[in-house]
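Colleague: I'd like to ask some things about the structure below.
The values are calculated or read from the model by the stated rules, or taken from the named source; none is laboratory data. Bear in mind the structure is a predicted one, so any value in this text is a computation, not a measurement. Methodologically, a virtual Cβ is constructed for each residue, glycine included, from the backbone with ideal geometry; neighbour enumeration extends over all protein chains shown.
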Amino acid sequence: ASAFKSSLAIAVTAASLGMAAGANAATWKMALGDAAGGTQYELGKTFASLVEEKSGGDIKVDLFPNGQLGSEQDTVNNASMGLVDLSVVAINNLTPFSPTVGVLTLPYVIHGPDDAKALTQGKIGDELRENTLRDSGIRILGWAYSGCRRLTNSKQAVASPEDLEGMVIRVPKNEIMISSYQSWGVNPNPLAWSETFTALQQGVVDGQDNPYITIDAMKFYEVQNHVTDSCYVFSMEPLIMGEGTFQSLSEENQQLVLAAGEEATSHSYDYLLATEDSIKKSLVEEHGMTITQPANDEQEWIAKASSIWPDFYDSIGGRDKLVEVLETLGRDPS
Ligand code: MLT
C-alpha cells in the first residue's frame, strides 16, 4: 500500500494532463482486453457516449480493444499508476490485486445474471469496491455482465470432468480458477488473456473457458469446436479508473463519471439478457460449434470444485463472508 501511495504522489495522470491541456477538453483512453463486439465494448461504448453527452462534448473517451494497451492484468497496474485512464477487465484478472473480490470467482457461487447483479450492487458490492480501492488504488465505476463461463475445446464433447483427461486447458492467472481445474483432475496452463487466441490457434492449449458473448466476440469458433454448457464462474467485468486519476477530476466530473458508470452498468445487464441466447444459437448454426450439456446436471463438476472453497476462506475475508454472500443470494449456507 505504501508503494502505491508513493506512486500516486509522483504519477501525473493521463486524465489530469488531458484536462489541463485544453481547459475543459480532455480525451481519455480506455483499455479493453476483449475484441470489439463483446460486453466490455458495449459497456465502454455506452460509458463513453454518456460521458461525452453529460460533459457537453468536453470529455471524449477512446476505446482500445483487443488488449492493444496491454494484458488485462497489466492495465490494472497501469490504471493504478495513472498510466491509462480507464480499463475494463474480467473480475478474475482483478482478483490478484484485491483478493477479497475472489468471492465472486469461487466456483458455483454465482448461478446467473441476477446473482451477479445482487453481489455487485448493494452492500456486498459496496464493500468489494472499498476493498479494491484500499488494496490496489483502483476505483470500480461500473460493471459489464458477460454471462457464465463455458468450457470450449478443440478435441471432443466434454460432459464430465473425466472427458478432459489429456487436454491442456488455458486458465487466467487466478489461483481459484487454477485450483478449480485441478479439482477436476486437469493441470491447467495459466496464460494472459492477450495470449489466449494464439495459444489455442497453435495448439499450445486445447481449450479455455469464457462466456458465449466473449467466445463470439473473440472468434474462438475459428479455433474451437466444442462447448460445454457449464456455469462454474459467472463473468463480471469491472470498469476501473485509478484513484489518482479520479481524484484529479473536478467534483463535477467525479459525479459525472460515477453516474455514467451506473447507467452503463444497468445497460450491460439488459444487453446480456437481450443477446446471450441468440449468440449461443449462432455459435451452433453459423459457426458450427457443438454444445454439450454437463452430465448429471453438472453434479460431479459442482461437488469437486466446491471442495476447494475452504482453501480460499482466508483470502476472501473468512468463511463468514461466503456465508453472507450465500445468504444474500437466498441460499442455505450450511
Ligand atoms: C480471461 O479469461 O482472462 C478473461 O475472462 C477474458 C475477458 O476479459 O473476457
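Colleague: Out of the residues in segment 168-221 meeting the condition of being of a type in the set (Gly, Ala, Ser) and within 22 Å of residue 66 (Cα to Cα), tell me which one is surrounded by the fewest Cβ atoms within 10 Å (Cβ to Cβ).
Modeller: Residues of segment 168-221 that are of a type in the set (Gly, Ala, Ser), as a first pass: 179-180, 183, 185, 192, 194, 199, 203, 207, 217.
Then drop every residue that is not within 22 Å of residue 66 (Cα to Cα), which leaves 192, 194, 199, 203, 207, 217.
Details: 192: 18, 194: 18, 199: 18, 203: 10, 207: 26, 217: 23.
For segment 168-221, the residue satisfying everything is 203.
Colleague: Please indicate, with yes or no, whether at least one residue in segment 186-198 is more than 13 Å from the ligand (Cβ to nearest atom) and touching a helix residue (DSSP H, G or I) at 6+ places or on another chain (Cβ under 6 Å). First the steps, then the outcome.
Modeller: Initial filter on segment 186-198 (more than 13 Å from the ligand (Cβ to nearest atom)): 186-187, 198.
Narrowing further to those that are touching a helix residue (DSSP H, G or I) at 6+ places or on another chain (Cβ under 6 Å): 186.
Checked against the condition, which is being more than 13 Å from the ligand (Cβ to nearest atom) and touching a helix residue (DSSP H, G or I) at 6+ places or on another chain (Cβ under 6 Å), segment 186-198 yields at least one hit.
Colleague: Then there's this: Of everything in segment 151-178, what is of a type in the set (S, T, N, Q) and free of Cβ contacts under 8 Å to residues at least 60 places away in the same chain? Give them in sequence order. Walk me through it before giving the result.
Modeller: If we filter segment 151-178 for residues that are of a type in the set (S, T, N, Q), which is where we start, we get 152-154, 156, 160, 174.
None; the set is empty.
Colleague: Here is a further query. Tell me which strands (runs of 3 or more DSSP E) are completely within segment 224-334 and hold 2 or more residues being of a type in the set (A, V, I, L, M) and under 25 Å from residue 106 (Cα atoms), or say none if there are none.
Modeller: Working: elements: 226-228, 234-242, 290-292.
By residue number, 234-242.
Residue by residue, here is whether (1) more than 16 Å from the ligand (Cβ to nearest atom); (2) in contact with a Lys or Arg (Cβ under 9 Å, 6 or more places away or on another chain); (3) modelled with pLDDT of 95 or more holds:
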| site | (1), (2), (3) |
| --- | --- |
| 11 | yes, no, no |
| 22 | yes, no, no |
| 44 | no, no, yes |
| 55 | yes, no, yes |
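Colleague: Can I ask one more? Can you spot a residue in segment 228-250 that is more than 28 Å from residue 297 (Cβ to Cβ), hydroxyl-bearing (Ser, Thr, Tyr) and surrounded by fewer than 23 Cβ atoms within 10 Å (Cβ to Cβ)? Spell out the reasoning first.
Modeller: Of the residues in segment 228-250, the ones more than 28 Å from residue 297 (Cβ to Cβ) are 238-250.
Still in the running and hydroxyl-bearing (Ser, Thr, Tyr): 245, 248, 250.
Now restrict to residues that are surrounded by fewer than 23 Cβ atoms within 10 Å (Cβ to Cβ): 248, 250.
Yes - at least one qualifying residue is present in segment 228-250.
Colleague: Taking the condition more than 16 Å from the ligand (Cβ to nearest atom), of a type in the set (A, V, I, L, M, F, W, C) and in contact with a Ser or Thr (Cβ under 9 Å, 6 or more places away or on another chain), does residue 256 pass?
Modeller: On the way: more than 16 Å from the ligand (Cβ to nearest atom): yes; of a type in the set (A, V, I, L, M, F, W, C): yes; in contact with a Ser or Thr (Cβ under 9 Å, 6 or more places away or on another chain): yes.
So residue 256 passes the test.
Colleague: Can you run down the residue pairs with Cβ atoms below 8 Å, 6 or more apart or on separate chains, where the first is in segment 28-54 and on the phi > 0 side of the Ramachandran plot and the partner is away from the ligand (no atom under 11 Å from the Cβ)?
Modeller: Taking only residues 6 or more apart or on different chains, the pairs are 37/216.
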